[in-house]
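The values are calculated or read from the model by the stated rules, or taken from the named source; none is laboratory data. Keep in mind that this is a model prediction, so the values were computed, not measured. Virtual Cβ from ideal backbone geometry, glycine too; neighbours counted across all protein chains shown. These accessible areas exclude ligands, DNA and RNA; they are computed on the full protein's heavy atoms, side chains included. Shrake-Rupley method; radii C 1.70, N 1.55, O 1.52, S 1.80 Å.
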Amino acid sequence: METEFRAIVHSEYGAPEKVLKIAKRQLKSEELGVDDVLVKVIARPIHHGDIQILSALPQGGPVAPIPEGTLRIPGFEGVGTIHRLGINAKAAKRLSEGQRVAFFPANGAWGEYVVVRYDSLLAVPNEIPDQIAAQMLINTITASVLIKAGHNSLKSPITPPVYILQNAASSGVGRLLTQIALDRGVRPIRLVRSRQSAEKLQSALPGPPVYSTSDSNWKEQVRGALGGYRLEVAFDAIGGKAIDDLAEIVDDCSTVINFGSLGSNTGTNIYSLIPNNVALKSVSIMSWFRLTQDEKRKDFDLALSLATNHPELFEVAHEYDFDDFQKAIQHVSRPGKTGIVLLRSPV
């Protein structure tokens, strides 16, 4: 049996508008491995990281060469229904054809079908809509990796209350990081780039203080929110001068944890770390792949819990039809964008 489907593909790395196209692909039944599951994709998010990888930008990390005469399908996450199971007995015990599942990691989520290992699937209950299920794994896992890195950066003995400072707090990862911190008794202080964004975030997700870095006195506002307590960990998703600013606010011998480059390509002034003896730590989702299967499953369960109990954390910027993938990619980099851009397969 052969499954024919369409996929967004590229044969070389470069600007999305130049290298991407839609092509027909085929998958034969014998190509499905023992541990594999063929998923018919309903929707998938387009992340900044997806674009950075297919563009071979440094922020996306090293890229694997695309062998001559072959095509690469981008994307690692999404939601879909099981079309066909491999012959692994463990998979057959907990999964069934037609079942709706979220998946990560999977190479090729920008296809109408994708092959996924059975242990990279999470069954999705009916109360979680596709728009949330499609985006709930990568960002939750990233936030979980960050909170662990933050905990490991604290000096012993850990004395409550523990404060953290986070920029890009209205981003998908930022919202989840805030909630996970609150659930663990940590007190977040949130930073965004404009007063409008601050008001919108405080309205959508009330609670921890939110300050705009467009205000000239935002650093004083942060210090006031600390109420004299120490600030030992700050999370940075922007890079460049944003790291310099965080290094100025944290206390002596603290840590700034960088996990993104949403800002300009201006470099960090490494000397800004010296006055407060600040350590700069770089963290990415890649460290998650070194965890045991049980530890990974806990993060899947965390994503399921957050999606069930806090659906407001998973904002959608816009949904695009599959054929409008270029518009969707452009939207991802649109100034002021909040929420995740989704690409939906034809019904």
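By how many nm would the segment from residue 90 to residue 292 lengthen if fully extended, with 0.36 nm per residue of separation less the alpha-carbon distance? Could you put the intermediate results ahead of the total?
Working: separation 202, 0.36 × 202 = 72.72 nm, distance 1.74 nm.
Full extension of this stretch gives 71.0 nm more.
Could you give the accessible area per residue of the chain, probe 1.4 Å, as a whole number in Å²? Can you show the working numbers first?
Working: 16350 Å² over 347 residues.
In whole numbers, the chain has 47 Å² accessible per residue.
Could you give the length gained by full extension between residue 183 and residue 59, i.e. 0.36 nm per residue of separation minus their alpha carbon distance, to one decimal place? Could you put the intermediate results ahead of the total?
On the way: separation 124, 0.36 × 124 = 44.64 nm, distance 3.05 nm.
Length gained, residue 183 through residue 59: 41.6 nm.
Apply the Kirkwood formula to segment 241-298: the hydrodynamic radius equals the inverse of the mean of 1/r over all pairs of different alpha-carbon atoms; give it in Å with one decimal.
Values: mean 1/r = 0.0764 Å⁻¹.
For segment 241-298, the Kirkwood estimate is 13.1 Å.
Quick check on the chain: helices-only [θ] at 222 nm, where DSSP H runs of length 4 and up contribute -39,500 (n - 2.57) each and the sum goes over total residues. Nearest 500, please. Can you show the working numbers first?
Numbers: 11 runs with 102 residues, N = 347.
So the helix-based figure for the chain works out to -8500 deg cm²/dmol.
Longer than 31 Å from Cα to Cα, which of 155/219; 93/281; 40/327; 40/93; 18/40; 148/241 are they? Say none if no pair is. Mind showing how you got there, number by number?
On the way: 155/219 23 Å; 93/281 41 Å; 40/327 23 Å; 40/93 20 Å; 18/40 27 Å; 148/241 25 Å.
The pairs that break the limit, which is 31 Å between Cα atoms, are 93/281.
Once the principal axes of the Cα atoms of segment 111-162 are found, what is the range along each, listed largest first in whole angstroms?
Answer, in whole Å and largest first: 50, 24, 17 Å.
For segment 174-218, build the convex hull from the C-alpha positions and give me its volume per residue in Å³. Walk me through the numbers before you get to the answer.
Numbers: hull volume 2.7 nm³, N = 45.
Considering the Cα atoms of segment 174-218, their hull volume per residue is 60 Å³.
Regarding segment 1-154, what whole-number volume in Å³ per residue does the convex hull of its Cα atoms give? Let's see the in-between values first.
Values: hull volume 21.5 nm³, N = 154.
Roughly 140 Å³ of hull volume per residue.
Report, in degrees rounded to the nearest 10, the 0 to 90 angle that the Cα long axis of helix 138-153 makes with the longest principal axis of the chain.
Approximately 40 degrees, to the nearest 10.
Please state the relative contact order of the chain as a whole percent: Cα pairs under 8 Å, 6+ residues apart? Show your work: numbers first, answer last.
On the way: 695 pairs, mean separation 56.0, N = 347.
16 percent.
Applying the Karplus parametrisation 6.51 cos²θ - 1.76 cosθ + 1.60 with θ = phi - 60° to the phi angles of segment 16-32, what ³J(HN,Hα) value in whole Hz is obtained for each residue in order, glycine and proline being reported as x?
x, 5, 9, 9, 8, 7, 9, 9, 7, 10, 10, 9, 8, 4, 5, 7, 7
For a test of the definition: using alpha carbon positions, the gyration tensor, and the 1.5 limit on a/c, classify segment 183-307 as rounded, prolate or oblate. Working shown, then result.
Working: a/c = 1.67, a/b = 1.24, b/c = 1.34.
It is oblate, given that a/c is not under 1.5 and a/b is not larger than b/c.
Please enumerate, by chain and number, the aspartates and glutamates with C-alpha under 15 Å from the C-alpha of residue 200, excluding those fewer than 8 residues away in the same chain.
Cα-Cα hits under 15 Å: 312, 315.
Tell me the Rg and the Dmax, in Å, that the Cα atoms of segment 89-197 produce.
For segment 89-197, the Cα-based Rg and Dmax read 17.8, 54 Å.
Mind pulling the angle between the C-alpha long axis of helix 293-309 and the longest principal axis of the chain? Nearest 10 degrees, somewhere in 0 to 90.
Between helix and principal axis, roughly 80 degrees.
Using a 10 angstrom Cβ neighbour count of at most 16 plus a DSSP loop assignment to flag exposed GluC sites (Glu not before Pro), which longest range of the chain is free of such sites? Kindly include the intermediate steps, with their values, before the conclusion.
Values: sites that count: 12, 68, 97, 127.
Counting only loop sites that pass the neighbour cut-off, the longest clear stretch is 128-347.
Using per-residue counts of other Cβ atoms within 10 Å, averaged over each peptide, order 321-331, 115-125 from highest down.
On the way: 321-331: 16.5, 115-125: 18.7.
Ranked from most to least packed, the peptides come out as 115-125, 321-331.
Could you tally the net charge around residue 75, taking each other residue with its Cβ under 14 Å from the Cβ of residue 75, Lys/Arg +1 and Asp/Glu -1? Please list the in-between numbers first.
Values: positive: 6, 25, 44, 72, 344; negative: 50, 77, 112.
Summing Lys and Arg as +1 and Asp and Glu as -1 gives +2.
For residue 162, what residues show an amide H to amide H distance below 5 Å, using hydrogens built from the backbone and excluding near sequence neighbours?
Counting only residues 5 or more places away or on other chains, the set is 187.
Of all chymotrypsin sites (Phe, Trp or Tyr not before Pro) in segment 194-260, which ones are in loop regions per DSSP and have a Cβ with at most 16 other Cβ atoms within 10 Å? If you can, show how the numbers build up before the last one.
Values: sites: 211, 218, 229, 235, 259; in loops: 229, 259.
For chymotrypsin sites (Phe, Trp or Tyr not before Pro) across segment 194-260 that sit outside H, G, I, E and B with at most 16 neighbouring Cβ atoms in 10 Å, the list reads 229.
Report Rg(Cα)/(2.2 N^0.38 Å) for segment 307-347, keeping two decimals.
Values: Rg = 11.6 Å, N = 41, 2.2 N^0.38 = 9.0 Å.
Against the empirical 2.2 N^0.38 Å value, I get 1.28 for segment 307-347.
For the chain, with all protein chains present and a 1.4 Å probe, just round the carbon and sulfur fraction of the accessible area to a whole percent. Don't jump to the answer; show the numbers that get you there.
On the way: 8470 of 16350 Å².
So the carbon and sulfur contribution to the accessible surface is 52 percent.
Taking the chain as a Gaussian network, where each spring joins two C-alpha atoms under 10 Å apart, which residue of 268, 159, 178 fluctuates the most?
Highest fluctuation among the options: 159.
What is the Cα centroid distance between segment 181-203 and segment 290-309, reported in whole angstrom?
So the two Cα centres are separated by 24 Å.
For residue 34 and residue 347 in the same chain, what is the full-extension length gain: residue separation times 0.36 nm, less their Cα-Cα distance, in nm?
Values: separation 313, 0.36 × 313 = 112.68 nm, distance 2.84 nm.
Contour length minus the Cα-Cα distance gives 109.8 nm.
GNM on the chain, C-alpha springs below 10 Å: top fluctuator among 222, 34, 79?
34
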